[in-house]
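The structure appears below as structure tokens.
The values are calculated or read from the model by the stated rules, or taken from the named source; none is laboratory data. Remember, predicted model here, so these are calculated numbers, not experimental data. Please note: Cβ atoms are built from the backbone with ideal geometry, for glycine as well, and neighbour counts cover all protein chains shown.
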Amino acid sequence: MTAGIDTRIPSRPARLRRSSAWSLPEVRWAALATGLFGLGALAALAGGPSWLSWALYLACYAAGGWEPGLAGLKALRDKVLDVDLLMVAAAIGAAGIGQVFDGALLIVIFATSGALEAVATKRTEDSVRGLLDVAPETAVRLDESGVEEVVAAAVLDVGDILMIRPGERIGGDGIVIDGASEVDQAHITGEPLPADKKPGEEVFAGTVNGTGTLRVRVHRPAADTVIARMAALVAEASASKAKTQLFIEKVEQRYSVGMVAATVALLVIPLLLGDDLRSALLRAMTFMIVASPCALVLSTMPPLLASIANAGRHGVLVKSAVVLEKLATVTHVAFDKTGTLTHGAPRLTRVDSLNDGFSDDELLSLAAAAENPSEHPLGRAIVAAARQNGLTVRPAIEFVATPGQGVRARVGADVVEVGAADATVGELGDTPVVVRVNGVPAGVLTLTDHPRAEAVGAVARLRAITGTEPMLLTGDNPRAATRLADDTGIVDVRAGLLPEDKLTAVRDHQDSGARVMLVGDGINDAPAMAAAHVAVAMGRSGSDLALETADAVITRDDLSALPALLALARRARRVVAANLVIAAMFIVVLVTWDLVGHLPLPLGVAGHEGSTILVGLNGLRLLRSRAWSRT
């Protein structure tokens, strides 16, 4: 009795519009069955001919039971016993012994329960995937001569130049090359205010341009835009099943077979002992209804999918229900430093030549030339500082970058290396890098980075939720790491780590029984993220490898989402547990009542289907915004 989610994702962001509940066939058939049942009851109360009420009740059977009955028969053909088929069989059995009113009531409540489940599933799906509706279908592309042409956004490729006029949606992910404007990117990053965009700034497909005109060079193909990657993550999340759900489905088949066997025994044994057919069949039908595991099946996935939807609305993409279960069990949190706890945009503050061979400007120019091909934040800061000072950034060849160590390149006749400095160099909280020219230290560049404004509060809330001290795992020098740790309230600091050192730190912690959530953004974080119990990547600053490795992505790089995410996952686990208890309690009470006493069929129907509706609605509470903010 579970409604599936369509997880097919088109090759480009599709137009997925929210539909009303009446568009769902389950809702329409349930409404028709309810109307026919009401007319049948009115005909019986009015003293009309018995054939009229019977005809209306049987029409109710057809309207509310044909779809689950057909699905059950198809499942039976594949040697799968579906609980939907059992419910329809119970209703037909009730009609066979003259209890057509009770059977029709079962069909109505069963169809209504299925309709509510379909609405819940659709609402969750719409909530998660609603961002796809913002993607434009066309874009204005400029050819080599500057002539405009309207093309499908799906055909845009890297290097295409787009013209974005005021009020238009941006057709692809790219870099602004001309113009200035404000862009509303709330659908992508969650930022409430428009972001200023100027040459060199990144813009995203589906965001809305403000009052200025922009020219944008596409730097990702249409299938790889941020919004398309979100769609892929949504597909993975919707298609996955939690371990609890998989266990329930594994047990469900055996349980259903056992339930049918018990129903047959409950019918045959009383008949052999001299009971009449009507009472034996009525008790057996009642037993089959109340023992069906519909509520158990519906206990798990609605809360988890609702939580995934809620997190998605608040800028966190959780890749699967399994990930959400893992988040609920996190005991320790580990952070990367640059780009995670800090903005990842350090600024050059000092240039110190170590000898008379190079002036400060010459040293900075050489370092910028070597770092120009690099994507590391420190390298970008060095290049930016050189250009701001009006220095020439010469081309470099033979460029090599070693994660955790630095870069090496040939600039003219010189081999220039820019890498980590000794921990004793520089001031507390600074990040010094040594520039070596032809193997000889030539100077030290000092850079600083600043912690994110929300870092202090996020660290404190995570400490309160997990009951353990967050860790800082960084390749930066101990002085810079200690300064950041003091600023953010972190006690456990591990600095100067290479990628393999971060991996070892995570594994050692987990070997002692910890379940570590690692939060990072860079290529050098990926090995440790893969080994962690659960990994979270910073969506805006994160490398492609980190985004691919991570189990969840914070699309707007807001660290305050982390404690809210853990709290939501833990609440979802509590709701699942409560649902399982409620469902099992209803089954035990109703089955016991039917076996040792006399449970009226209408009451059994109401109890069974009522429990199914109850656990479904309980899970949907996690869609509310309040569920995200509670910690």
- Would you point out which residue out of Val88, Val100 is over 22 Å from Val260 (Cβ atoms) and touching a residue at least 12 places away in the same chain (Cβ under 8 Å)? Val100
- Only one of Ala458, Ala370, Ala409 is small (Gly, Ala, Ser), farther than 16 Å from Arg347 by Cα, assigned by TED's automatic domain parsing to the domain that holds Ala481 and modelled with pLDDT of 90 or more; which? Ala458
- Task: Filter segment 567-582 down to the residues that are among the hydrophobic types (A, V, I, L, M, F, W, C) and surrounded by fewer than 23 Cβ atoms within 10 Å (Cβ to Cβ), then identify the one that is nearest to Ala532 (Cα to Cα).
- Result: Ala567
- Query: Counting only residues that are modelled with pLDDT of 80 or more and either surrounded by 22 or more Cβ atoms within 10 Å (Cβ to Cβ) or in contact with a strand residue (DSSP E or B) (Cβ under 8 Å, 6 or more places away or on another chain) (or both), how many does segment 64-90 have?
  - Reply: 2
- Item | Condition check for Thr402: assigned by TED's automatic domain parsing to the domain that holds Thr482 and under 25 Å from Asp525 (Cα atoms) | no
- Of the residues that sit in segment 580-627 and are closer than 18 Å to Gly114 by Cα and touching a Pro at 6+ places or on another chain (Cβ under 7 Å), which one is modelled with the highest pLDDT? Gly619
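Just give me the residues in segment 330-352 being hydrophobic (A, V, I, L, M, F, W, C) and surrounded by fewer than 18 Cβ atoms within 10 Å (Cβ to Cβ), in sequence order. Before you say what the answer is, go through the steps one by one.
Pass one, segment 330-352, residues hydrophobic (A, V, I, L, M, F, W, C): 330, 333-335, 341, 345, 348, 351.
Once the filter is applied, which keeps residues that are hydrophobic (A, V, I, L, M, F, W, C) and surrounded by fewer than 18 Cβ atoms within 10 Å (Cβ to Cβ), segment 330-352 yields only Ala345.
Yes or no: Ser359 without any contact (Cβ under 8 Å) to a residue 12 or more places away in the chain, farther than 25 Å from Asp476 by Cα and among the polar types (S, T, N, Q)? Lay out the reasoning, then the answer.
Numbers: without any contact (Cβ under 8 Å) to a residue 12 or more places away in the chain: yes; farther than 25 Å from Asp476 by Cα: yes; among the polar types (S, T, N, Q): yes.
Taking the combined requirement at face value, the residue satisfies it.
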- Query: Out of (1) polar (S, T, N, Q); (2) crowded, with 21+ Cβ neighbours inside 10 Å; (3) at pLDDT below 80, the odd one out for Thr7 is which?
  - Reply: (2)
- Subset of segment 182-200 (residues that are surrounded by 17 or more Cβ atoms within 10 Å (Cβ to Cβ) and modelled with pLDDT of 85 or more): Val183, Lys197
- Name, by its number, the condition in (1) closer than 18 Å to Ser320 by Cα; (2) touching a Leu at 6+ places or on another chain (Cβ under 9 Å); (3) assigned to a helix (DSSP H, G or I) that does not hold for Leu595. (1)
- Looking at this structure, is Arg380 at pLDDT below 90, of a type in the set (D, E, K, R) and not in a loop (DSSP other than H, G, I, E, B)? yes
- Query: So, of the residues in segment 521-550 that are touching a Lys or Arg at 6+ places or on another chain (Cβ under 7 Å) and modelled with pLDDT of 85 or more, which turns out to be surrounded by the most Cβ atoms within 10 Å (Cβ to Cβ)?
  - Reply: Val534
- Message: So, in segment 30-80, how many residues would count as being of a type in the set (D, E, K, R) and either in a helix (DSSP H, G or I) or more than 30 Å from Val257 (Cβ to Cβ) (or both)?
- Response: 3
- List the number of the failed condition for Asn579; all other conditions in (1) under 28 Å from the mean Cα position of the chain (by Cα); (2) part of a helix (DSSP H, G or I); (3) closer than 27 Å to Ala453 by Cβ hold. (3)
- Residues of segment 353-375 classified as touching a strand residue (DSSP E or B) at 6+ places or on another chain (Cβ under 7 Å) and crowded, with 16+ Cβ neighbours inside 10 Å, total: 11
- Task: Would you mention how many residues in segment 293-313 are touching an Asp or Glu at 6+ places or on another chain (Cβ under 9 Å) and not aliphatic (A, V, I, L, M)?
- Result: 3
